Amino acid sequence: MSGHYVAVEGIEGAGKSTVVAGIADRLESKGAEVVTVREPGGTPFGEEIRSVLLFGGDMTAWAEAQLFAAQRAQLAEEVIRPALARGAWVLGDRSVYSSLAYQGYARGLGVAEVRAVNEAGLGGTWPERVVLLRIDPITGLRRQSVIDRIGAEGALFQGK
């Protein structure tokens, strides 16, 4: 039996982590195995990259896109595919779709180009469902408890 991969997406402060936790609790109460992941991060290597991406210094848009893709490839190989093979539910707090929006569109790298950078590393491991949480960018940014490098881009960037 194969599992299910659902990603929760939205801008900063939309409530992704809260929704993932709620879905996980509901599925676990029904006896399902649930694996929650976050991007960037989710593996020891991914957490190191997370630190650089969210709290590191300036970087080019392509360096940023490729770091996101690198942590995502590791996460897919090390965590997501094995969980799916066991029949687990994988709930993602973000996924490749964030890179398509942030780096592909908002940073102007091109959605198709960013998708191509991610596809090889993902090996076909894309969410089967995506839940998009919508919130006004200013409200979302006000809800952030810690302003990271991406959140610091401001409401205009989030709105894109």
* Only listed residue being at pLDDT 95 or above, open to solvent by 20 Å² or more (accessible area, probe 1.4 Å) and either of a type in the set (D, E, K, R) or over 22 Å from Glu153 (Cα atoms) (or both), chosen from Glu39, Glu33 -> Glu33
* What are the residues in region 148-160 that are at pLDDT 80 or above, in a loop (DSSP other than H, G, I, E, B) and surrounded by fewer than 17 Cβ atoms within 10 Å (Cβ to Cβ), if any? -> Arg149, Lys160
* **Hits in region 43-55 - residues which are open to solvent by 30 Å² or more (accessible area, probe 1.4 Å) and of a type outside the set (S, T, N, Q)** => Pro44, Phe45, Glu47, Glu48, Arg50, Val52, Phe55
* Asked: Considering Arg86, Arg94, which residue is open to solvent by 70 Å² or more (accessible area, probe 1.4 Å), among the charged types (D, E, K, R) and in contact (Cβ under 8 Å) with a residue 12 or more places away in the chain?
  -> Arg86
* To do: Within region 56-77, track down each residue that is open to solvent by 50 Å² or more (accessible area, probe 1.4 Å) and part of a helix (DSSP H, G or I).
  => Trp62, Gln66, Leu67, Gln74, Glu77
* Would a scan of region 14-37 turn up a residue that is in contact (Cβ under 8 Å) with a residue 24 or more places away in the chain and at positive phi? -> yes
* Sort out which residues of region 133-146 are surrounded by 12 or more Cβ atoms within 10 Å (Cβ to Cβ) and either without any contact (Cβ under 8 Å) to a residue 40 or more places away in the chain or closer than 29 Å to Leu84 by Cβ (or both), and write them in order of number. => Leu133, Asp136, Ile138
* Listed residues Ile11, Ile80; which is more than 30 Å from Arg142 (Cβ to Cβ) and crowded, with 21+ Cβ neighbours inside 10 Å? -> Ile80
* Asked: Do you know which residues across region 1-39 are among the hydroxyl-bearing types (Ser, Thr, Tyr) and farther than 19 Å from Ser145 by Cα?
  -> Ser2, Tyr5, Ser29, Thr36
* Of the criteria (1) surrounded by fewer than 18 Cβ atoms within 10 Å (Cβ to Cβ); (2) modelled with pLDDT under 90; (3) over 30 Å from Ala32 (Cβ atoms), which one Ala112 fails -> (2)
* Asked: When only residues in region 14-30 that are assigned to a helix (DSSP H, G or I) and farther than 27 Å from Arg142 by Cβ count, which is most open to solvent (accessible area, probe 1.4 Å)?
  -> Arg26
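The values are calculated or read from the model by the stated rules, or taken from the named source; none is laboratory data. Predicted model, so just to flag it, every value in this text is computed and none were measured. Ideal geometry is used to build each Cβ from the backbone, glycine not excepted, and the neighbour counts take in all protein chains shown. Accessible surface areas use protein heavy atoms only, side chains included; no ligands, DNA or RNA. Shrake-Rupley method; radii C 1.70, N 1.55, O 1.52, S 1.80 Å.
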